[in-house]
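Notes follow once the structure below has been shown.
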């Protein structure tokens, strides 16, 4: 039987995977663009799209479902001052989703996110990608999220090689002239 074979496990337990995807979607909601590995972006895309679908209807029940999926706790679950402060910061994610992101996609029937492939990461050769909203303008992106990996294209290598060859030829011709 092929039941439950489609889930991208990402080398994690189900609890860890769900928390990681929730954090990734929260970052996407806050920053409008996230740079991550291609596998994580493909796994986070359905979660983000379902959150926008909940945000489009905008009912209290849907807010609670979104908060539960994004692991946002309710106010009554906070005992300490630090927990209350953390809740206020995380509460903004659901508010941003329902008040800013969902109205933009009101007339769109799906496909709220896009994945842009970047290339391979220098250290472990993992494929990197940018996960971003389709119709939202990205505000001042930080250099860490927009920085492309340090891979050189074939054209860049060719343009770098030409001046080196020219310098070698020039140095060789100067040495020949000096000998003559």
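Structure above, values below:
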quantity	calculated
Residue count for the stretch 46-58, restricted to those that are within 17 Å of residue 71 (Cα to Cα) and touching a residue at least 12 places away in the same chain (Cβ under 8 Å)	8
Subset of the stretch 84-102 that is loosely packed, with under 15 Cβ neighbours inside 10 Å and within 30 Å of residue 11 (Cβ to Cβ) - its residue that is modelled with the highest pLDDT	86
Check on residue 25, in the same structural domain as residue 130 (by TED's automatic domain parsing), over 13 Å from the mean Cα position of the chain (by Cα) and either in a helix (DSSP H, G or I) or over 28 Å from residue 123 (Cα atoms) (or both)	no
Boolean, residue 42 is in a helix (DSSP H, G or I), touching a residue at least 24 places away in the same chain (Cβ under 8 Å) and farther than 21 Å from residue 94 by Cα	yes
All positions within the stretch 42-55 that are in contact with a helix residue (DSSP H, G or I) (Cβ under 8 Å, 6 or more places away or on another chain) and buried (at least 19 other Cβ atoms within 10 Å of the Cβ)	43, 44, 48, 51, 52, 54, 55
Residue match in the stretch 103-113 (condition: modelled with pLDDT of 90 or more, within 18 Å of residue 69 (Cα to Cα) and in a helix (DSSP H, G or I))	no
Conditions (1) more than 19 Å from the chain's Cα centre (by Cα); (2) modelled with pLDDT of 90 or more; (3) outside any helix (DSSP H, G or I): number failed by residue 72	(2)
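The values are calculated or read from the model by the stated rules, or taken from the named source; none is laboratory data. Since the structure is predicted, the reported quantities are computational estimates derived from the model, not experimental observations. Cβ: placed from backbone, ideal geometry, glycine included. Neighbour counts: every protein chain shown.
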